[in-house]
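The values are calculated or read from the model by the stated rules, or taken from the named source; none is laboratory data. All figures in this text were calculated on a predicted structure; none of them were measured in a lab. No Cβ is skipped: glycine too gets one built from the backbone with ideal geometry, and neighbour counts run over all protein chains shown. Areas reflect the complete protein model, heavy atoms only, side chains present, ligands, DNA and RNA absent. Shrake-Rupley method; radii C 1.70, N 1.55, O 1.52, S 1.80 Å.
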Amino acid sequence: MKTFVYALLLSTTLMGCSSSLQRIFGQSVESSTGDTPVSDTELPLEEATSPEEATFLIGKSFQHGSLILDVQEVHLTPKQVAVQVSISNRSSQLLRFYPNQGTLSTGVDELKANVFLTDDSLSGVLEPQEQKTGVLVFSSRFDHELDFTRVRSIHLSLGQVIDMASIEPQSVDIAFSLDPAS
């Protein structure tokens, strides 16, 4: 009976998390396979819902071997940072990538990825020419609030990309500015 109650509580919590991420970014997670290149679509910059939140449109691409990582938008709150990304495999080989195990550094704080709030579909095997879009969520400790007014840049350490043909891992470490002029 305990197991059932825990499973019910976890599924209810995760369903609620998905809807709050959709509310933050206004779209759901999707995965597609095809030859279409990654596009630089502009997402509308949402107004902050309170003085305790801020959203930044980033629109930058980073390439690590055959993996292309597009950082589209960053949403900051006192308890978490949500980063909307698109991940593409531009090779003819399988890639393994687990960004839900990464860290985010603001220069002041270091946050770990929250595996329960991050979109599961972003991690794992990427088929050749596959593109995945979703949200990586990095949470602060329970007793600590992020002072996002002092955050000017973000450094993401998202683990390694493993090319299944060569088994040579490549670290994915990226940094970008949150300045409006970046």
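Give me the 1.4 Å probe accessible area per residue for region 83-147, excluding ligands and nucleic acids, in Å².
Details: 2840 Å² over 65 residues.
Counting only protein heavy atoms, the per-residue value for region 83-147 is 44 Å².
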Practice task
Please compute the net charge surrounding Ala113, taking Lys and Arg as +1 and Asp and Glu as -1 over other residues with Cβ under 13 Å from its Cβ.
Solution key: -2
Fill in the blank from the handout: Scalar couplings 3J(HN,Hα) for region 96-112 by Karplus 6.51 cos²θ - 1.76 cosθ + 1.60 (θ = phi - 60°), nearest whole Hz, x for Gly and Pro, are 10, 8, 10, x, 6, 10, x, 10, 10, 10, 9, x, 10, 10, 10, 10, 9
Practice task
Quote the relative contact order of region 93-139 in percent (integer), defining contacts as alpha-carbon pairs under 8 Å separated by 6+ residues.
Solution key: 45 percent
Exercise for the section: May I ask you to evaluate 6.51 cos²θ - 1.76 cosθ + 1.60, the Karplus curve with θ = phi - 60°, for each residue of region 64-78 and list the ³J(HN,Hα) values in order in whole Hz, giving x for glycine and proline? Expected result: 10, x, 8, 8, 10, 10, 9, 9, 9, 8, 10, 10, 10, 9, x
Fill in the blank from the handout: Sorted by chain and then number, the residues having a modelled amide H within less than 5 Å of the amide H of Gln80, at least 5 places away or on another chain, are Ser140
Fill in the blank from the handout: Counting sequence-distant residues (5 or more places) and residues on other chains, those with an amide H built under 5 Å from that of Phe62 are Leu69, Asp70, Val71
Practice task
Provide the net charge surrounding Ser157, with neighbours chosen by a C-beta distance below 11 Å and charges set as Lys +1, Arg +1, Asp -1, Glu -1.
Solution key: -1
Practice task
Could you pull out the trypsin sites (Lys or Arg not before Pro) across region 84-171 that fall in loop regions by DSSP (anything but H, G, I, E, B) with no more than 14 other Cβ atoms inside 10 Å?
Solution key: Arg141, Arg152
Exercise for the section: For region 110-154, state which chymotrypsin sites (Phe, Trp or Tyr not before Pro) are in a DSSP loop and have at most 15 other beta carbons lying within 10 Å of their beta carbon. Expected result: Phe116, Phe142
Handout entry: Loop GluC sites (Glu not before Pro), region 95-182, which have at most 16 other Cβ atoms in a 10 Å radius of their Cβ (DSSP)
Key = Glu145
Completion exercise
The ³J(HN,Hα) series, computed from each phi in region 149-155 with the Karplus coefficients 6.51, -1.76 and 1.60 at θ = phi - 60°, rounded to the nearest Hz and given as x for glycine or proline, is 5, 9, 7, 10, 8, 10, 10
Handout entry: For region 103-145 and region 153-168, distance of Cα centres in Å
Key = 14 Å
Exercise for the section: Sort Glu168, Glu73 from largest to smallest accessible area, using a 1.4 Å probe on the heavy atoms of the protein chains. Expected result: Glu168, Glu73
